[in-house]
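**Student:** Take this structure first; my questions come after.
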Amino acid sequence: MNIMDFNVKKLAADAGTFLSRAVQFTEEKLGQAEKTELDAHLENLLSKAECTKIWTEKIMKQTEVLLQPNPNARIEEFVYEKLDRKAPSRINNPELLGQYMIDAGTEFGPGTAYGNALIKCGETQKRIGTADRELIQTSALNFLTPLRNFIEGDYKTIAKERKLLQNKRLDLDAAKTRLKKAKAAETKSSSEQELRITQSEFDRQAEITRLLLEGISSTHAHHLRCLNDFVEAQMTYYAQCYQYMLDLQKQLGSFPSNYLSNNNQTSGTPVPYALSNAIGPSAQASTGSLVITCPSNLNDLKESSSNRKARVLYDYDAANSTELSLLADE
């Protein structure tokens, strides 16, 4: 019975406090009550924390989009994360493309030029897929997780203490209002005591909130280290991809991109400067492949190349007597 009485009294006290805060808040909005302003330093800290929270959320969400463009996959990973379960491993886009290329090349025949090239491209795409998977794992661990921990941990604590500070401030201003309205000596004495208590609680809560907010500078320093880790992970990923494609280009014996022409063009493909100088002004390149046309006199070729050198980029078998057969790296 005593416990029930205590609960009823506590419930009534809580309801009274809530009502008092609601009245004070409403009167402040209507300009009918004074409001205790926070000191400028604390206001700046609150603004800095809010700004940090907003931009951290935006950066975190966009990084997730960058690493996993598929929204359905992101939702699935989010659900598994909330269930504290590991999401099933799925093949990514480069790996899937690589498998299609390998399968196609196998069916066309590894002994054919196209089939062999498809298989090589497919193997490279699979390596890129593996690098992509490693980038996602590293970035999630070293960059996204710390950002999420701040949003779901540190900032939630800050928001909770900030709300408590707001309530203590409302209690303080409500006590000030009651003291102003008190007329009887006994009521005035009681209001003064209430004001001292609420002032003390407000000051204590303001100090707690200030200490938490000053930790935002440490959060920025921590996130800076995480950002460096993310940049390093991206640098590793792009360096790997570049090396894979460079190796593939060498295997295929293809020209660098600035030497290739569009297959839809009808004009001749320009020969690289050093190669054209070595062979002479009469040399021409046909569309889509390097077909060098010889001068009418081979002695002219020897004379024109006596003081110049050029490296052959890939093998070519002469189609007729007016062309040269060349080996890569000659």
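**Student:** Can you find, within the stretch 113-144, the residue that is most open to solvent (accessible area, probe 1.4 Å) among those that are among the polar types (S, T, N, Q) and under 27 Å from the mean Cα position of the chain (by Cα)?
**Tutor:** Filtering first and then ranking leaves 137.
**Student:** Identify all residues within the stretch 210-235 that are part of a helix (DSSP H, G or I), within 18 Å of residue 43 (Cβ to Cβ) and out of contact with any Lys or Arg (no Cβ under 6 Å at 6 or more places or on another chain); write none if there are none.
**Tutor:** 210, 211, 212, 213, 217
**Student:** Then there is this: Would you mind stating whether residue 73 is in a helix (DSSP H, G or I), at pLDDT 95 or above and surrounded by 13 or more Cβ atoms within 10 Å (Cβ to Cβ)?
**Tutor:** So residue 73 does not fit the description; no.
**Student:** With 59, 91, 54 as the choices, which residue is at pLDDT 80 or above, open to solvent by 60 Å² or more (accessible area, probe 1.4 Å) and outside any helix (DSSP H, G or I)?
**Tutor:** Within the list 59, 91, 54, the selection yields 91.
**Student:** Looking only at the stretch 182-215, filter to residues that are among the polar types (S, T, N, Q) and under 18 Å from residue 163 (Cα atoms); which one of those is surrounded by the most Cβ atoms within 10 Å (Cβ to Cβ)?
**Tutor:** Checking each candidate, the answer is 209.
**Student:** While we're here: Mind counting the residues in the stretch 218-250 that are free of Cβ contacts under 8 Å to residues at least 60 places away in the same chain and over 23 Å from residue 147 (Cα atoms)?
**Tutor:** Total meeting the criteria: 7.
**Student:** Still on this structure, please answer the following. For the stretch 147-168: of the residues being open to solvent by 20 Å² or more (accessible area, probe 1.4 Å), in contact (Cβ under 8 Å) with a residue 60 or more places away in the chain and not acidic (Asp, Glu), which is farthest from residue 50 (Cα to Cα)?
**Tutor:** 167
The values are calculated or read from the model by the stated rules, or taken from the named source; none is laboratory data. Everything quoted here is computed from the prediction, not taken from an experiment. Reconstructed Cβ throughout: ideal geometry from the backbone, glycine too, with neighbour counts over all protein chains shown. Keep in mind that these areas ignore ligands, DNA and RNA; they rest on the heavy atoms of the full protein, side chains included. Shrake-Rupley method; radii C 1.70, N 1.55, O 1.52, S 1.80 Å.
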